[in-house]
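A quick write-up on the structure given underneath.
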Amino acid sequence: MILQALYDYYQRKAANPDPARRLPAFGLEDKEIPFIVELTAEGRPLGIIDTRQGDGKKKQARRYQVPKGVKRSSGVAANLLWDTAEYALGVDTKGKPERVAGQHAAFRQRIAELPEAARRDAGILALDNFYANFGQAALVADPGWPEIVETNPVVTFRLHNDGDLICQRPAVIAGRGGVIEEGGKPNFCLVTGQAASAERLHTAIKGVWGAQSSGATLVSFNLDAFASYNKEQGDNAPVSPLAAFAYTTALNHLLDRNSRQRIQVGDASTVFWAQKDDAEIEEGFAAIFGERDDPDVRAEQVRALLGAVHSGQFDGGRGDKLFYVLGLAPNAARVSVRFWHTAPLHEIARQIRQWFTDLKVVRSAKDPEYPSLFRLLAACAQQGKADNIPPNLGGDIMRAILSGSPFPASWLNAAVLRCRAEQNVTYLRAAAIKASLNRLQRFQPNQSLDKELSDMLDLENTSPAYRLGRLFAALEKIQEEASPGLNATIRERYYGAASSTPVAVFTTLLRLKNHHLAKLTNRGRAINFERLLGEIMSGLNDFPKHLSLPEQGRFALGYYHQRQDFFSKSESSQSMQSTQGESK
């Protein structure tokens, strides 16, 4: 199913009328070519053209559609009319003259094997003359030569005043079919269902975070155990050369660093695409779950997508089209599938709306309205570092979002542990806890009498854990007003114990409360605090000896909601005083 969906995506993109957005035809690939040697018709080099743009290490070479590169291991294998400087120019960059001589000979041999019609092309004749009469010695004085010797970049050739590279000239493109490597034994392709030979080795997939820079394979068999029944390499899962080219080209396109259809979810490089062209949902999906340089632009994209869902734009024919999400993770020299989800667009849109509903919690103006999945994961990781996010967590959460199933218990556990370890319930952790608990309650309603948590302070919530969280926030607020300017409050010392073993600390905290109330100079304020404490504790019979993990999450939400309620009332009071002052 994965390969078939990628194959169909390739067919659609290869037929795009816009050449800039069209995927390369069979036997070609998109390749960044940083340097081009420009030749006259007689083969005399006019100079080395640098195609890169940008500054410093951010320079990026222009992309060209060139004959598909060979799959290399440790041997010598040359690409057709483009390759590294060692192959294309015979430049010894590593002090291995004999090996470089073999590489350059292999490069020229690929050209010699072209059909006669291609060999008579003006570009090929010019290149033959360059090798016969000039060679690399004619390029030594060029300003770009030192960098070529130092870095061994990819190099190709072009005739002067010709818009195409030599490898793109019509005669060469027509003739390359005669030198494309053929597949293996006759078979049936598992992707297309048509009779075809099986591709022995599939092209490497590049762009998967954490995988080898040279790429890793999605389909691969290279152990003796896979040679049973006289089947070797690709014969174990026969995919035709055309289908293998299509799915690898499509996947590498989706994983490209400039792709708008990829995000990083934990250790999973995640790509997504629609069955039919739908830029709004494809780019909107990246905005929903990924990070953007401009958070305001991201928020607008998310808001627009949610508005489209609410207005029913995904109902009917558009919503029936399938949407695909594929998560890939590195596994040595291979790529493993972390998750794969396919569903109609209207179902994906509904689950996305539910995701943000589950996350919604009262926040300050500086907190993002629609937090990205990466930020939610990092908030629950040790030291807030992406490296400390558990490997499978991002993929498990993404799977739960798209399927509407409960979130993994490890996410709730991570959020609660971070709150305890840092004695701080942040907006992102509160959102993660609320989403986890509500999703769990929705799917397991008979396990508890607790109801779903609201996005702001809920005075009707009788959950003991939730009320204990509110009580702890109220006791902290009393201490803060009794002793302004404190470097540390009861939160730094008691939050961990209060949220896990309430009976051990709340008696002590209530005794301290009496001392703090006595220090308040505003007696009306002290009375209001006493009333608040009475209202909170009216639903508590005693202090529990232990709170379970979900109860610790409810404690954190009760604490967070009560604190935010204090802040909002304080800001409202200050705003009212400011308004009254201006009116005098």
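Laboratory data are not the source of any read-out in this text; all were calculated from the coordinates shown. None of the values given here were measured: they were computed from a predicted structure. Here the Cβ is made from the backbone with ideal geometry for all residues, glycine too, and neighbour counts use every protein chain on show.
Check each of the trypsin sites (Lys or Arg not before Pro) in segment 510-571 and keep only those in coil by DSSP with at most 11 other C-beta atoms within 10 angstrom; list them in order.
Details: sites: ARG511, LYS513, LYS519, ARG523, ARG525, ARG531, LYS545, ARG554, ARG563, LYS569; in loops: LYS545.
Loop-located and lightly packed - LYS545.
Could you go through segment 118-129 in sequence order and give the Karplus-derived ³J(HN,Hα) for each residue, using 6.51 cos²θ - 1.76 cosθ + 1.60 with θ = phi - 60°, rounded to whole Hz, and x for Gly and Pro?
Once rounded to whole Hz, the list reads 6, 5, 8, 5, 4, x, 5, 4, 5, 5, 4, 5.
Under 5 Å between amide hydrogens, which residues at least 5 positions from SER336 or on another chain qualify, with H placed 1.01 Å from N in the peptide plane?
So SER336 has HN proximity to ALA329, ASN331.
Taking the Cα centre of segment 1-95 as origin, work out the dipole magnitude from +1 charges on Lys and Arg Cβ and -1 charges on Asp and Glu Cβ, in debye rounded to 20.
On the way: 16 positive and 12 negative charges, 76 e Å.
Here segment 1-95 has a charge dipole of around 360 debye.
With everything on Cα atoms, drop me the angle between helix 279-289 and the longest principal axis of the chain, reported from 0 to 90° to the nearest 10.
Approximately 50 degrees, to the nearest ten.
Give the relative contact order (percent, whole number) for segment 28-179; include only Cα pairs under 8 Å separated by 6+ residues.
Numbers: 271 pairs, mean separation 49.7, N = 152.
Computed over segment 28-179, the figure is 33 percent.
Using +1 at the C-beta of Lys and Arg and -1 at the C-beta of Asp and Glu, which of LEU549, ILE288, LEU520 has the Cα lying farthest in the positive direction of the dipole of the chain?
LEU520
Would you mind computing, in nm to one decimal, how far apart the modelled labels at ARG525 and SER483 are, each placed 7 Å from Cα along Cα→Cβ?
Label at ARG525, label at SER483, 1.6 nm between them.
As an exercise, identify the GluC sites (Glu not before Pro) in segment 91-128 lying in DSSP coil whose Cβ has no more than 13 other Cβ atoms within 10 Å.
Values: sites: GLU98, GLU113, GLU116; in loops: GLU113.
Sparse-neighbourhood loop GluC sites (Glu not before Pro): GLU113.
Given ALA379, VAL505, VAL149, which one lies farthest toward the positive end of the charge dipole of the chain, if we put +1 on the Cβ of every Lys and Arg and -1 on the Cβ of every Asp and Glu?
Towards the positive end, the residue furthest out is VAL505.
Pairs LYS58/LYS206; LYS206/LYS434; LYS68/LYS94; LYS360/LYS513; LYS385/LYS434; LYS477/LYS545: which are spaced more than 29 Å apart, C-alpha to C-alpha? Intermediate values should be presented prior to the final figure.
Numbers: LYS58/LYS206 19 Å; LYS206/LYS434 37 Å; LYS68/LYS94 26 Å; LYS360/LYS513 32 Å; LYS385/LYS434 22 Å; LYS477/LYS545 24 Å.
Flagged as over cut-off: LYS206/LYS434; LYS360/LYS513.
Mind checking the angle between helix 427-443 and the chain's longest principal axis? C-alpha axes, 0 to 90 degrees, to the nearest 10.
Computed tilt is about 90 degrees.
Which percent of Cα-Cα pairs in segment 278-373 sits in each 5 Å bin, short to long?
Histogramming segment 278-373 at 5 Å steps yields 2, 12, 20, 22, 18, 13, 8, 4, 1, 0 percent.
Say a paramagnetic label sat at a point 7 Å from the Cα of ALA174, along Cα to Cβ; which residues of segment 78-116 have their backbone N under 17 Å from it?
Counting backbone N atoms under 17 Å from the label point, the list is 114-116.
How big is the dipole moment of segment 28-179 about its Cα centre under a simple scheme where the beta carbon of each Lys and Arg is +1, that of each Asp and Glu is -1, and everything else is neutral? Debye, nearest 20, please. Working shown, then result.
Working: 21 positive and 20 negative charges, 96 e Å.
So the dipole magnitude of segment 28-179 works out to roughly 460 debye.
Pull up the cross-link candidates among the lysines for LYS231, meaning alpha carbon to alpha carbon under 24 Å and not fewer than 8 places away within one chain.
Once the sequence-local lysines are set aside, what remains near LYS231 is LYS71, LYS185.
Could you list the trypsin sites (Lys or Arg not before Pro) in segment 89-143 that lie in coil according to DSSP, counting only those with at most 14 other Cβ atoms within 10 Å of their Cβ? Present the calculation step by step, with values, prior to reporting the outcome.
Details: sites: LYS94, ARG99, ARG108, ARG110, ARG119, ARG120; in loops: LYS94, ARG120.
Passing sites in segment 89-143 are LYS94, ARG120.
Please list, by residue number, everything in segment 60-96 whose backbone N is under 17 Å from a paramagnetic label point 7 Å out along Cα→Cβ of HIS160.
No residues fall inside that zone.
What's the ranking of 189-202, 138-151 by average number of surrounding C-beta atoms within 10 Å, highest first? Before the final figure, lay out the partial values.
Details: 189-202: 17.9, 138-151: 13.9.
With the highest mean Cβ count within 10 Å placed first, the list reads 189-202, 138-151.
As a test of the formula, what do you get for the chain when each DSSP H run with n ≥ 4 contributes -39,500 (n - 2.57) and the sum is divided by the residue count, at 222 nm and rounded to the nearest 500 deg cm²/dmol? Walk me through the intermediate numbers first.
Working: 21 runs with 267 residues, N = 584.
For the chain, the value works out to -14500 deg cm²/dmol.
For helix 345-359, report the angle its Cα long axis makes with the longest principal axis of the Cα atoms of the chain; keep it between 0 and 90° and round to the nearest 10°.
Its long axis makes an angle of about 40 degrees.
How long are the three semi-axes of the equivalent ellipsoid of segment 28-179, in whole Å, if each is the root of 5 times an eigenvalue of the C-alpha gyration tensor, listed from largest down? Mind dumping the intermediate values first?
Working: eigenvalues 92, 65, 56 Å².
In descending order, the three semi-axes are 21, 18, 17 Å.
Give the relative contact order (percent, whole number) for the chain; include only Cα pairs under 8 Å separated by 6+ residues. Present the calculation step by step, with values, prior to reporting the outcome.
Numbers: 937 pairs, mean separation 55.9, N = 584.
Relative contact order here is 10 percent.
Considering the convex hull of the alpha carbon atoms of segment 357-503, report its projected area averaged over all viewing directions, in nm², one decimal.
One quarter of the hull surface, i.e. the mean projection, equals 10.0 nm².
Toward the positive end of the charge dipole of the chain, about the Cα centre and with charges on Cβ (Lys, Arg +1; Asp, Glu -1), which of ALA329, VAL76, ALA474 goes farthest?
Sorting the options by dipole projection puts first ALA474.
Quick one: if the Förster radius is 56 Å, what FRET efficiency do GLU369 and ALA132 give, using the C-beta to C-beta distance and rounding to 0.05?
Values: r = 67 Å, r/R0 = 1.19.
My answer for the efficiency is 0.25.
Can you give the log10 of the normalised intensity I(q)/I(0) at q = 0.19 Å⁻¹, computed with Debye over equal Cα scatterers of segment 461-581?
For the requested q values the scattering log ratios are -1.05.
Roughly how big is segment 190-270's charge dipole about its Cα centre, with Cβ charges of +1 (Lys, Arg) and -1 (Asp, Glu), in debye to the nearest 20?
Numbers: 6 positive and 6 negative charges, 68 e Å.
Dipole magnitude for segment 190-270 comes out near 320 debye.
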